[in-house]
There are 2 protein chains.
Amino acid sequence: MRTIPVKTTSANYPVFIGRNLLAQIPRKLGLHKSARNAFILTSTAIWALWGKKFLASFPKDQQPTVLFLPAGERYKRLNQIERLASELATAGADRSSLLIAFGGGIIGDLAGFLAAIYMRGIDYLQVPTTLLAQVDSSVGGKTGVNLASGKNLIGSFHHPRAVFADIDVLQTLPDRELRAGLFESVKAGIIRDTALFRFMEQNSVAILARDPTALERVIVASIRMKANIVAIDERESSLRMILNFGHTLGHAIEAATGYNRLLHGEAIAWGMLAALQIALARSTVAPDQAQRIERTILDYGPLPAFRTTPAKLLDAAGRDKKNRAGTRRFILPKDIGNAIVVEDVTEAELRSAIDWTLTRARRGFTER
Amino acid sequence: MRTIPVKTTSANYPVFIGRNLLAQIPRKLGLHKSARNAFILTSTAIWALWGKKFLASFPKDQQPTVLFLPAGERYKRLNQIERLASELATAGADRSSLLIAFGGGIIGDLAGFLAAIYMRGIDYLQVPTTLLAQVDSSVGGKTGVNLASGKNLIGSFHHPRAVFADIDVLQTLPDRELRAGLFESVKAGIIRDTALFRFMEQNSVAILARDPTALERVIVASIRMKANIVAIDERESSLRMILNFGHTLGHAIEAATGYNRLLHGEAIAWGMLAALQIALARSTVAPDQAQRIERTILDYGPLPAFRTTPAKLLDAAGRDKKNRAGTRRFILPKDIGNAIVVEDVTEAELRSAIDWTLTRARRGFTER
């Protein structure tokens, strides 16, 4: 087991990465020593696979209450927060209660937000069950839900007490979800970790075969990169922005396709390729580096097809909350392991990148 | 104009108290120097009385967007947050936008919470238009909405950038609302400010006649008391709890009567009288002091009648979020200007105080 500390100005907590972690959580929380009212938010699919094992690790007299969120981005909304908060209240949850987010990114984001605002804030744990949630959303304290008009427009910064990234749980992850998560690790390599990028460039076969050692190396490096950035810039004033590489158009693609066509990581992969075109056109990045970036993203593909109009993407990209007072912000790769924030991307550049993307999106995009 | 600084570990902002403040807000914000996307959340009633005057103070090219919340506790809910957040998004609000809460406590609490969670937090101002909001809810950073099962069960700590308590605005306040707010100032005197209590004990006629000098003195002292407590104990770990004097049963009364029979301040007044009976029975407070406290509360009455059952009140009091893991916490007056937190109030003591209260609540309670 590896432990990565996350240290920010407002919180300080460990991320545990390794095998068979699920069975160790109650002990690590000290539940065998002092009682605590615990609640688990999960999905029926995850619970069917792992619920029995997870529950068995809790003391018999301290079995947690289990709450469920239906699967799908369309349930990441305030009306579910209302329902779940009422269930917490009815079950007697108070300020000393603990909420455990046990699922993918949607459950982690929503449970974190529920914990942030229930009685003005209770403790919570992240126990992410998808690779994407393990390497990205479970670390950093960003929590939230969607509005009809945009993703994550409602939320809070609220750090978990600890994160448990259990590699064994990934063995039941659908292949498409594994790939979607790996796109975020490729992103981590591109923007800040040359060694991680090179490892992923050279070991895609082992990684995609879920070799535990290879997976652990990718997860540890991805989380370390994110913990490092969050420690320096908790509130996304500047450095943390580079984590949004691929997100400006990625979010727009998700919005324009109704949040149900692509997985988040797949949309981000499309967004990274689009941003790469802007960087190439500006000569921000050298052509050979751009080629390695594109090829490595595609190694973890395919990128599924989707259809929308340039107008819809333009409109959705303009509403992204990363934009301040009208400027159009993009994160562009510079070298492998290095990215920059630019604020002056013109509508023409954006249109050109959108055209490039939509042409390829008609049939999906694979390396050959 | 008086200025009281609020200094906490997480924020530092001024509370302005005085006459004709409404006209000075945009200048104090520096809006004449640098543009800012401003939004006002208010009620149609307040806006009809003061909207024209408020808008006139904004530069012509920086008129704010006005949003409305229907009057009543039943609109202090997440579905209104969802609607208003969507309106903000549609109107182009971004992270640099400013939200101005212009209304009573419900608008202040809900607008503060909306600002806390819109795009994970934007700036907001409190411009309270009721006495209760001026002396209590606008200072301290507590924001939130209700669940069906309890008041303020959802919320955040999010401090405003500034508070503007305009005494002129109180001239249009209904008499009943004025009295309800004065109960909170009496509370401030009882728990921590002997001089304020004595001033209110001796000057109820001038205060109820809305003499601006008398009102300003009450407001300044009440806010200073609260700012002082919040500075020492922002998150209500201990000292801030004493602000909840009257709230354990006050909240229960509000819940048991469906939040529509009594104003918040009136419920708190009933709750203070009930807590006083517990303190008397325990000899926590001397009988002559208790008598002065009761008489002064009634000076700002009447306390309106209400009906409910002891069982309902007991149940609602048990669910109050001030209770931790089953203990029953009460704030009890000790001397005038001094209160203590007790954790061991028995069900028998609580039942006795509830009986005392419900007997008087049948017809309402006035001094003679």
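Data for the structure
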{"quantity": "Hey, A:Ser185 out of contact with any Pro (no Cβ under 6 Å at 6 or more places or on another chain), closer than 24 Å to A:Ala11 by Cβ, modelled with pLDDT of 95 or more and within 14 Å of another protein chain (Cβ to nearest Cβ) or not", "calculated": "no"}
{"quantity": "Within the range A:90-104, considering residues that are closer than 16 Å to A:Asn37 by Cα and open to solvent by 10 Å² or more (accessible area, probe 1.4 Å), the one farthest from the other protein chains (Cβ to nearest Cβ)", "calculated": "A:Ala91"}
{"quantity": "Meets criteria (more than 27 Å from B:Arg328 (Cβ to Cβ), within 14 Å of another protein chain (Cβ to nearest Cβ) and in contact (Cβ under 8 Å) with a residue 24 or more places away in the chain) for A:Arg77", "calculated": "yes"}
{"quantity": "Residue within the range B:95-102 that is free of Cβ contacts under 8 Å to residues at least 40 places away in the same chain, among the hydrophobic types (A, V, I, L, M, F, W, C) and over 17 Å from B:His264 (Cα atoms) present", "calculated": "no"}
{"quantity": "Residue in the range A:203-227 that is farthest from A:Ala188 (Cα to Cα), counting only those that are open to solvent by 40 Å² or more (accessible area, probe 1.4 Å) and among the charged types (D, E, K, R)", "calculated": "A:Asp211"}
{"quantity": "Test set (1) in contact with a helix residue (DSSP H, G or I) (Cβ under 8 Å, 6 or more places away or on another chain); (2) in contact (Cβ under 8 Å) with a residue 24 or more places away in the chain; (3) among the acidic types (Asp, Glu) - A:Asp233 fails condition number", "calculated": "(2)"}
{"quantity": "Extreme residue, most open to solvent (accessible area, probe 1.4 Å), among residues of the range A:284-323 that are out of contact with any Ser or Thr (no Cβ under 9 Å at 6 or more places or on another chain) and outside any helix (DSSP H, G or I)", "calculated": "A:Thr309"}
{"quantity": "Which numbered condition A:Thr65 fails, given (1) in contact with a helix residue (DSSP H, G or I) (Cβ under 8 Å, 6 or more places away or on another chain); (2) at pLDDT 95 or above", "calculated": "(1)"}
{"quantity": "The one condition in (1) away from every other protein chain (no Cβ under 14 Å); (2) in contact (Cβ under 8 Å) with a residue 12 or more places away in the chain that B:Leu55 fails to fulfil", "calculated": "(2)"}
{"quantity": "The range B:77-91, residues that are closer than 15 Å to B:Thr42 by Cα and of a type outside the set (A, V, I, L, M, F, W, C)", "calculated": "B:Gln80, B:Arg83, B:Glu87"}
{"quantity": "Residue among A:Arg261, A:Arg217 that alone is free of Cβ contacts under 8 Å to residues at least 60 places away in the same chain and closer than 30 Å to A:Val15 by Cα", "calculated": "A:Arg217"}
{"quantity": "Single condition A:Ile107 does not satisfy, out of (1) within 11 Å of another protein chain (Cβ to nearest Cβ); (2) over 18 Å from B:Gly121 (Cα atoms); (3) surrounded by 24 or more Cβ atoms within 10 Å (Cβ to Cβ)", "calculated": "(1)"}
{"quantity": "Flag for B:Pro70 being surrounded by fewer than 16 Cβ atoms within 10 Å (Cβ to Cβ), in contact with a Pro (Cβ under 9 Å, 6 or more places away or on another chain) and more than 14 Å from chain A (Cβ to nearest Cβ)", "calculated": "no"}
{"quantity": "Selection status of A:Lys28, open to solvent by 80 Å² or more (accessible area, probe 1.4 Å) and touching a residue at least 40 places away in the same chain (Cβ under 8 Å)", "calculated": "yes"}
{"quantity": "Condition broken by B:Arg210, with the remaining ones in (1) in a helix (DSSP H, G or I); (2) over 18 Å from the mean Cα position of the chain (by Cα); (3) among the basic types (Lys, Arg) satisfied", "calculated": "(1)"}
{"quantity": "Test: residue in the range A:268-283 that is assigned to a helix (DSSP H, G or I), open to solvent by 50 Å² or more (accessible area, probe 1.4 Å), of a type outside the set (Ser, Thr, Tyr) and assigned by TED's automatic domain parsing to the domain that holds A:Ile191", "calculated": "yes"}
{"quantity": "Which numbered condition B:Arg120 fails, given (1) buried (at least 24 other Cβ atoms within 10 Å of the Cβ); (2) out of contact with any helix residue (DSSP H, G or I) (no Cβ under 6 Å at 6 or more places or on another chain); (3) within 14 Å of chain A (Cβ to nearest Cβ)", "calculated": "(1)"}
{"quantity": "Subset of the range B:136-160 that is open to solvent by less than 10 Å² (accessible area, probe 1.4 Å) and outside any strand (DSSP E or B) - its residue that is nearest to the other protein chains (Cβ to nearest Cβ)", "calculated": "B:Gly141"}
{"quantity": "Test for A:Leu262: is it open to solvent by less than 10 Å² (accessible area, probe 1.4 Å), on the phi < 0 side of the Ramachandran plot, touching a strand residue (DSSP E or B) at 6+ places or on another chain (Cβ under 9 Å) and among the aliphatic types (A, V, I, L, M)", "calculated": "no"}
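Every residue, every condition in (1) modelled with pLDDT of 95 or more; (2) in contact with a Gly (Cβ under 8 Å, 6 or more places away or on another chain); (3) closer than 18 Å to B:Asp168 by Cβ, yes or no:
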| site | (1), (2), (3) |
| --- | --- |
| B:Lys28 | no, no, yes |
| B:Ser34 | no, no, no |
| B:Ala45 | yes, no, yes |
| B:Pro59 | no, no, no |
| B:Arg77 | yes, no, no |
| B:Leu84 | yes, no, no |
| B:Phe113 | yes, yes, no |
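The values are calculated or read from the model by the stated rules, or taken from the named source; none is laboratory data. Keep in mind it's a predicted model, so treat the numbers as computed, not measured. Heads up, the Cβs are rebuilt from the backbone with ideal geometry, glycines too, and the neighbour counts pull from every protein chain shown. Remember, those area values only see protein heavy atoms, side chains included, never the ligands or the DNA or RNA. Shrake-Rupley method; radii C 1.70, N 1.55, O 1.52, S 1.80 Å.
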